[in-house]
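Below you'll find the structure, written out as structure tokens, and then a few comments.
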Amino acid sequence: MSTHALTALIAEDEPLLAAALQAELARAWPELRVVASVSDGISAVREALALKPDLLFFDIRMPGQSGLDAAAELMDAWDERATPFPLLVFVTAYDQYAVQAFEAQAMDYLLKPVQPARLEKSVQKLRLALDGRARTATESGATALADASAAQLQRLLAALQPALQPAAPRAAWLRQLPVSPAGSGGHSIRMVQGAEGLFLQAAAKYVRVVTASGEHLLRTPLKDLLEQLDPAEFWQIHRASAVRADAIDSVQRDEAGRLHLSLRGSDERLVVSRLYAHRFRAL
């Protein structure tokens, strides 16, 4: 077992439930130290990166950013070469459909209100997982674990999507984008064919639409835009970017195990989030 003092971070927007979970953890796992308790996903990511806890207990629904989105962002930002990615436990009030999704992906979860017997089982599983991690503590092993966790989370997000955000019926995918040329101040609008776009990238209040002929801006949030584009044509590769699949020229893996894309018609290299690295599993 790990020799350092084990730590945990709780992200739960209901103060009474957060306090109850911390009290139950103190009873079931006395040596575990809760180093922070926050009430939103943005704070959870910030504090986790600062404190590097061994365990994360994330509520799914929180203000500003969900626990699932916070976990995905944290995976992007985490350097597993320095510290292994924390073990994740999601806390949920969802119905049986969501529970089945968690169990299918072997993700640990707790149902609200947290029951002592269920928490005891989670603690046992977490202890075993931490023991196994300590026995295989190598840099390549940490990278492999981080990749596996990201793939697991991606499958969970896909499984939960119908429950979290039911898709609206779509008659046809968006084929033209009403964009403003970069530097025009939004005073000029032109229509860009989706097939012209090399990649899309969220930037402040805009989405960059980069084509072979230049850069354009679009005010629609990237998440909303991707819901209107054919997912077989535009692949999301990061929470802040997507590429046109047939524009990909090559994929390189760096020393940290991160993937980078080169596109035909652009000198920019794009980082692939671990959450979407499964698209390039052969590398």
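The values are calculated or read from the model by the stated rules, or taken from the named source; none is laboratory data. None of these values were measured; they are calculated from a predicted model. Note that each Cβ is placed from the backbone with ideal geometry, even for glycine, and that neighbours are counted across all protein chains shown.
A few remarks follow.
- The residue list Ala70, Ala82 contains one member that is closer than 30 Å to Tyr276 by Cβ and either in the same structural domain as Ala256 (by TED's automatic domain parsing) or surrounded by 16 or more Cβ atoms within 10 Å (Cβ to Cβ) (or both), which is Ala70.
- Strands (runs of 3 or more DSSP E) completely within region 181-230 that count 1 or more residues being basic (Lys, Arg): 190-193, 206-211
- Long-range neighbours under 8 Å by Cβ, at least six apart or interchain, first residue under 16 Å from Ser213 (Cβ atoms) within region 176-189, second exposed (fewer than 10 other Cβ atoms within 10 Å of the Cβ) and modelled with pLDDT under 80: Ser180/His187
- Output for region 211-239, where each listed residue is over 17 Å from Leu174 (Cβ atoms) and either buried (at least 18 other Cβ atoms within 10 Å of the Cβ) or among the acidic types (Asp, Glu) (or both): Glu215, Ile237, His238
- Filter result (without any contact (Cβ under 8 Å) to a residue 12 or more places away in the chain and either hydroxyl-bearing (Ser, Thr, Tyr) or not in a helix (DSSP H, G or I) (or both)) within region 24-34: Pro30
Conditions tested, residue by residue: (1) under 26 Å from Arg274 (Cβ atoms); (2) modelled with pLDDT of 85 or more; (3) not hydrophobic (A, V, I, L, M, F, W, C).
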| residue | (1), (2), (3) |
| --- | --- |
| Thr143 | yes, no, yes |
| Arg155 | yes, no, yes |
| Leu164 | yes, no, no |
| Ala182 | no, no, no |
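- Members of region 85-94 found to be at pLDDT below 85 and either under 22 Å from His4 (Cβ atoms) or outside any strand (DSSP E or B) (or both), listed by number: Ala93, Tyr94
- Among residues of region 54-65 that are not assigned by TED's automatic domain parsing to the domain that holds Val89, none has a beta-carbon under 8 Å from a residue that is buried (at least 23 other Cβ atoms within 10 Å of the Cβ) at least six positions away or on a different chain.
- Flag for Glu12 being crowded, with 17+ Cβ neighbours inside 10 Å and farther than 14 Å from Thr92 by Cα: no
- Matching entry among Leu21, Leu9 (being assigned to a helix (DSSP H, G or I) and either more than 16 Å from the chain's Cα centre (by Cα) or at pLDDT 85 or above (or both)): Leu21
- Within region 256-271, the set of residues being outside any loop (DSSP other than H, G, I, E, B) and touching a residue at least 24 places away in the same chain (Cβ under 8 Å) comprises Leu259, Leu261, Leu263, Leu270, Val271.
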